[in-house]
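Here the structure comes first, spelled out in structure tokens, and everything after it is commentary.
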Amino acid sequence: MNRMNRFAAVAAVFATLSLPAIAQTVKVTPLGGIEGEFCPQDRALVFEDPNGTRILYDPGRTVAGAGDPRLGRIDIILVSHMHGDHVGNAHNKEPNSGTCAAPDMSVSAMPNSLAVNIALAKKSKIVTGSEMPPFFAAKLKANGGNPADSMLARFGGSVTVGGVRIATVTAMHSNGVDPDYIGGELGKAMKDAGIAGDVGLATGYVLRFSNGLVAYLSGDTGVTADQERVVRDLYQAKLAVMNMGDGFTTGPAESAFVINELVKPTSVIASHANEVGTVGGKVRPGSKTEAFIKAVKVPVHVPLSGKLMEFDAAGKCTAGC
Ligand SMILES: [Zn+2]
């Protein structure tokens, strides 16, 4: 083999070795209220690791029960906190019920929650932080499930499930448990007094997928110093899912600050808009979603329901954006 041929052979080997890394992407599918749109109640995202592990983040109210055909296999369910629009106190009758502005969320998931109903049907692990795991373990047990399927990842620690490392991070928010999940005399007395149950602090998540992609899922949060010191400096998140709907969580300007100055990821998926974010799949002029996109310096991807996006290890969208 002459020198040039040897060079070509070595180059070919390197090209072969690097090919799988290029091909390995994390697939993200939004399960929102209306196909092809970004609607007020949209929270749920399914992440699929290159190794096939499927993770449902904050089922909320737009997943039409455990039988929603869009779910497929779900290995892991993440619940950032206990508010009904995240854990799922009620939900759509079937996918795309109602309209984007006025979704049909007429099916109650009380007292289990949609997250628990899906976990029971799919035999998924529920991975939460704070003091939420005992709550979910008790719900699973009460419904014939396995309480050990409720797993803990408390601040600073992490747990690896299906090849995905899961950590929880600070979310500056509240985390009251609606007394309707408790029921009975105690639940009624709490409801009458206007007091919620306590399962510790709300959380966000940092996921490290098997291709090396690190994603930050903000949950509902205000601005925190941890978004810089922990999410960026420690975990080095490259993709962010950022809640930006204002009122309950950071608004467009505050969320843009978090992205531009604190987390500094490669790209962002907008979430939790609490408005009609798109019409005909296009960002609605004058919307908070539009304000967020304009204020953020990196690419913002709008999670259109059912539209698959793929991200490489560097957090760059390689398909579907
Ligand atoms: Zn909340």
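Annotation: of all residues in segment 149-169 being open to solvent by 70 Å² or more (accessible area, probe 1.4 Å) and hydrophobic (A, V, I, L, M, F, W, C), the one that is nearest to Ile76 (Cα to Cα) is Leu152. One residue alone among Ala215, Ala225 is open to solvent by less than 10 Å² (accessible area, probe 1.4 Å) and of a type outside the set (Ser, Thr, Tyr), and that residue is Ala215. For Asn96, state whether it is at positive phi and either modelled with pLDDT of 95 or more or touching a Leu at 6+ places or on another chain (Cβ under 9 Å) (or both). Considered against the rule, which asks whether it is at positive phi and either modelled with pLDDT of 95 or more or touching a Leu at 6+ places or on another chain (Cβ under 9 Å) (or both), Asn96 comes out as yes. Collect the residues in segment 97-122 that are under 21 Å from the mean Cα position of the chain (by Cα), assigned to a loop (DSSP other than H, G, I, E, B) and farther than 15 Å from Asp85 by Cα, keeping them in residue-number order. Within segment 97-122, Cys100 is the sole residue that qualifies. Condition (residue is away from the ligand (no atom under 16 Å from the Cβ) and open to solvent by 10 Å² or more (accessible area, probe 1.4 Å)) applied to segment 55-64: is it met by at least one residue? Yes. If the condition is being surrounded by 15 or more Cβ atoms within 10 Å (Cβ to Cβ) and under 19 Å from Pro59 (Cα atoms), then segment 278-321 contributes Val302, Pro303, Leu304, Ser305, Gly306, Lys307, Met309. Residues that are in contact with a Gly (Cβ under 9 Å, 6 or more places away or on another chain) and farther than 18 Å from Met82 by Cα within segment 123-142 comprise just one, Lys123. Restricting attention to segment 197-216, the residues that are part of a loop (DSSP other than H, G, I, E, B) and not aromatic (Phe, Trp, Tyr) total 8. The lone criterion from (1) more than 18 Å from the chain's Cα centre (by Cα); (2) in contact (Cβ under 8 Å) with a residue 60 or more places away in the chain; (3) buried (at least 18 other Cβ atoms within 10 Å of the Cβ) left unmet by Pro40 is number (1).
Inside segment 200-233, can you point out the residues that are of a type in the set (A, V, I, L, M) and within 13 Å of the ligand (Cβ to nearest atom)?
At the first step, the residues of segment 200-233 found to be of a type in the set (A, V, I, L, M) are 201-202, 206-207, 213-215, 217, 223, 225, 230-231.
If the condition is that a residue be of a type in the set (A, V, I, L, M) and within 13 Å of the ligand (Cβ to nearest atom), then Leu201, Ala202 are the ones that fit.
A search for C-beta distances below 7 Å between a residue of segment 249-271 that is in contact (Cβ under 8 Å) with a residue 60 or more places away in the chain and any residue that is away from the ligand (no atom under 16 Å from the Cβ) and among the aromatic types (Phe, Trp, Tyr), counting only pairs 6+ apart in sequence or on different chains, returns Ala270/Phe292. No other residue among Ala101, Ala109, Ala115 is at pLDDT 95 or above, open to solvent by 10 Å² or more (accessible area, probe 1.4 Å) and at negative phi apart from Ala101.
I'd like the residue in segment 234-250 that is more than 14 Å from the ligand (Cβ to nearest atom) and within 21 Å of Pro299 (Cα to Cα) and, out of all such residues, is surrounded by the fewest Cβ atoms within 10 Å (Cβ to Cβ). Checking each candidate, the answer is Gln236.
Which ones in segment 66-92 are assigned to a loop (DSSP other than H, G, I, E, B) and either open to solvent by less than 10 Å² (accessible area, probe 1.4 Å) or modelled with pLDDT under 95 (or both)? Steps first, please.
So the first thing to find is which residues in segment 66-92 are assigned to a loop (DSSP other than H, G, I, E, B), and the list is 66-75, 79-83, 88-89, 92.
Passing the criteria: Asp68, Leu71, Ile74, Val79, Ser80, His81, Met82, Gly88, Asn92.
In segment 252-277, of all residues being closer than 19 Å to Ala225 by Cβ and within 16 Å of the ligand (Cβ to nearest atom), the one that is most open to solvent (accessible area, probe 1.4 Å) corresponds to Glu254.
The values are calculated or read from the model by the stated rules, or taken from the named source; none is laboratory data. The structure displayed is predicted, hence computed values, not measured ones. Methodologically, a virtual Cβ is constructed for each residue, glycine included, from the backbone with ideal geometry; neighbour enumeration extends over all protein chains shown. For accessibility, only protein heavy atoms count, side chains too; no ligands or nucleic acids. Shrake-Rupley method; radii C 1.70, N 1.55, O 1.52, S 1.80 Å.
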